[in-house]
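Here is the structure we will look at, set down as structure tokens.
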Amino acid sequence: QVQLVESGGGLVQAGGSLRLSCAASGGTFIVGWFRQAPGKEREFVAAITSIGASTNYADSVKGRFTISRDDAKNTVYLQMNSLKPEDTAVYYCAARSKFTLVILTTPTSYDFWGQGTQVTVSS
């Protein structure tokens, strides 16, 4: 069983930065971040593999967000720069324990979820 604990959310002005952390216990193959705004479906943001540290990003965050991992701490980070009001959402850390050839971007492909952390970007 994998447990995920997110931290680092908060309120920031447009153009600002935040760093989210996801501390994972247990073995994972992929750790990803999703977000869900009120009235919208949960959407993929970014993910990183445990082998080779391959990454994948949603087009909406490319060039602004960076996902990374610290294996010594079993923690995955999401550095968010140049934040926009449309980035406002609850951000969820998710993990997949099974191998896959490509980084999957649908929520149903991930087995374990954190409790979520609120990110609010004011204009």
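The values are calculated or read from the model by the stated rules, or taken from the named source; none is laboratory data. Computed from a prediction, not measured in an experiment: that's the story for all the values here. Note that each Cβ is placed from the backbone with ideal geometry, even for glycine, and that neighbours are counted across all protein chains shown. Ligands, DNA and RNA are excluded from the accessible area calculation, which covers all protein heavy atoms including side chains. Shrake-Rupley method; radii C 1.70, N 1.55, O 1.52, S 1.80 Å.
Just to confirm, what accessible area per residue do you get for the chain at 1.4 Å probe, in whole Å²? Working shown, then result.
Working: 6270 Å² over 123 residues.
Per residue, the chain has 51 Å² of solvent-accessible surface.
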Using the alpha-carbon centroid of each, what span in Å lies between segment 34-48 and segment 87-112? 10 Å
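Return the ratio Rg/(2.2 N^0.38 Å) for segment 11-61, where Rg is computed over Cα atoms only.
Working: Rg = 13.1 Å, N = 51, 2.2 N^0.38 = 9.8 Å.
Normalised by 2.2 N^0.38 Å, the Cα Rg of segment 11-61 equals 1.34.
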Are there GluC sites (Glu not before Pro) in segment 22-102 that DSSP puts in a loop and that have at most 11 other Cβ atoms within 10 Å, and which ones? Glu41
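Give the range of the longest stretch in the chain that excludes all trypsin sites (Lys or Arg not before Pro) found in loop regions by DSSP and having at most 13 other beta-carbon atoms within 10 Å. Working shown, then result.
Numbers: sites that count: Lys40, Lys62, Lys73, Lys98.
Here the longest segment lacking exposed loop sites spans 1-39.
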Starting from the 7 Å offset along Cα-to-Cβ, what nm value, one decimal, do you get for the label separation of Ser60 and Gln1? 3.3 nm
Which of the lysines could a cross-linker span from Lys84 if the Cα-Cα distance has to be under 18 Å and same-chain partners fewer than 8 positions apart are dropped? Lys40, Lys62
Tally up the carbon and sulfur contribution to the accessible surface of the chain as a whole percent, 1.4 Å probe, everything protein left in place. 49 percent
Candidates Thr66, Thr108, Thr75; GNM for the chain (alpha-carbon contacts under 10 Å) flags as most fluctuating Thr108
In order over segment 44-53: 3J(HN,Hα) from phi, Karplus 6.51/-1.76/1.60, θ = phi - 60°, whole Hz, x for each Gly or Pro, gives 5, 10, 6, 8, 9, 8, 7, 9, x, 6
